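The values are calculated or read from the model by the stated rules, or taken from the named source; none is laboratory data. Computed from a predicted structure; not experimentally measured. Because the Cβ atoms are built from the backbone with ideal geometry, glycine has one as well, and the counts that use them run over all protein chains shown. Note: accessible area is taken over every heavy atom of the protein model, side chains too, but ligands, DNA and RNA are not part of it. Shrake-Rupley method; radii C 1.70, N 1.55, O 1.52, S 1.80 Å.
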Amino acid sequence: MAPPPPPSNVNHLSHPCIYERKSRLMKWLGKLFKTSTSSRRGGGSGGGSGTGGYNPHYLGEENMVVRAPARMPDGRPRLRKEQEELDHAMALSLSEGLGKPSGYNEWWTDDNYGGALPRAADNGSMNSSTCPPYGTLQYHPAGSRVCSGCHYDIGYGNYLGCMGVYFHPNCFRCHSCNYPITEHEFSLSGRDPYHKTCFKELTHPKCEVCLQFIPTNENNLIEYRCHPFWSQKYCPSHEHDNTARCCSCERLESWNVRYYSLEDGRSLCLECMESAIMDTGDCQPLYHAIRDYYEGMNMKLDQQMPMLLVERQALNEAIVGEKNGYHHMPETRGLCLSEEQTVTSILKRPRIGGRQLIGMRTQPQKLTRKCEVTAILVLYGLPRLLTGAILAHELMHGWLRLKGFRNLNPEVEEGICQVLSYMWLESEVLPGSSSNRASSSAAASSSSSSSKKGGKSNVENKLGEFFMHQIANDSSPAYGGGFRAANAAVNKYGLRRTLDHIRLTGNFPL
């Protein structure tokens, strides 16, 4: 079935333009059909005015006789010879006088390039290639040129020479939309031609925020940003135009999907919102499950440490009042508190109002010091797996303090805490993968807590993999460098021997 008509904005030439040029054509035909005057006149009586003579017909400006010998001097039949010469004459006449038809920019012959037609660059990229335009109307014996599209002889008429082969104008088609390519320039991938617009649609990266083609920079290069985990491509300008970014997964808000706005100014995407923990009561089951995870690794936390979900402002104020500890900037999402403070915690989760979370209830709570750890504070509004990873990290701080680990440098303390956070995520996202580093009972207690919630979706698992990626690729010396050093030690010597070495030396075993 033939493809539908091309869009109206495409100049599509379906037939060659022919203009009437009687004078030159008829002059040539007059010369073609003139034979010797003496032989013709000898064949009649009375110089052509008597019976049996001939009457010339007047066409244009030349007298042209109708009758001619049945065979030509070269032996070919008259009718065949006449047809070839007539076609040749028309082609020559049209090639001399035709203008450039609508839709084509220029006309070319084989001689333009010394007998070799120009060739489009085969780069498979966004660079446009110059297409050799359609050839002039020239006479070519039948079978001398075969169309690479329909595989029929081209014969007379317009043709296109490209990539070392020839095409009828209507047979040179875009590999994507299947419409004929009539423009002077086209794009090429391998040996497949494309309209520039079609090729751009297929290969030019689009911004996943504004949904437009990513523009070129001042050097005419396509420049964009790409998230290292999510591979979200976006225009560099969106890093500075107040486009919302999810506080959990770091993805930028797309113009066709709106994020939720939390009361403290953070934004939350729909996927992270699905499992977000919003108040202290919602977080208690997860908190106890992670304590069970520690107990399963023979690292039981003997003291009861309060755990509170707080707003960002309350967490920042608690950090200011804390004398000890190393905090990850620009934003800390958890804190193992060791000082007595009054902290405002979230008592009742907010409700959804449009794209905002409103109506959150808070209450101040005075925390008294009963042991080395006063409380565990965690930022509210984060997905379950990220909240759990923060809790696992802060509980490790608490375990180290309760077990008498003193004056550790930030790389060692934050590094080993990140290892515990990573191991807990591993047990949640990849069950059984941490059995070589932690006891099976720890993995069992963790997986049982997940089963109570009905299991995790693929979306939540992907978020867990992202949080693991964040830990493993953190660029900070304490959190990133410390994790990689601690993780190497735990993989080589095991968690228990690594902790014993830290207690004795304050450093990781080499």
Extension gain ARG225-LYS300, at 0.36 nm per residue separation less the Cα-Cα distance, in nm?
22.5 nm
Would you mind working out the accessible area per residue for the range 283-323, using a 1.4 Å probe, and quoting it in Å²?
48 Å²
For GLY381, what charge total do you get from the other residues with a beta carbon under 12 Å from its beta carbon, if Lys and Arg give +1 and Asp and Glu give -1?
0
Quick one: which residues, 5+ away or cross-chain, put their amide H under 5 Å from the amide H of SER345? H built at 1.01 Å from N.
GLN363, GLN365
With all protein chains present and a 1.4 Å probe, how do VAL146, VAL209, VAL320 order by accessible area, largest first?
VAL320, VAL146, VAL209
Sum up the charges of everything whose Cβ sits under 12 Å from the Cβ of GLU465, counting Lys and Arg as +1 and Asp and Glu as -1, but leave GLU465 out.
-1
Based on the mean of other Cβ atoms within 10 Å per residue, sort peptides 159-172, 338-351, 218-231 so the most packed one is first.
159-172, 338-351, 218-231
Find the accessible area per residue for the range 205-274; the probe is 1.4 Å, ligands and nucleic acids are left out, and the unit is Å².
55 Å²
Report the local net charge at PRO509: Lys and Arg +1, Asp and Glu -1, summed over other residues whose C-beta lies under 12 Å from its C-beta.
+3
Summarise the accessible area of the range 264-310 (1.4 Å probe, protein heavy atoms) by the percent that is carbon and sulfur.
44 percent
In whole Hz, the Karplus estimates of ³J(HN,Hα) for the range 418-428 (6.51, -1.76, 1.60; θ = phi - 60°; x where Gly or Pro) are 5, 4, 5, 4, 5, 5, 5, 4, 4, 5, 7
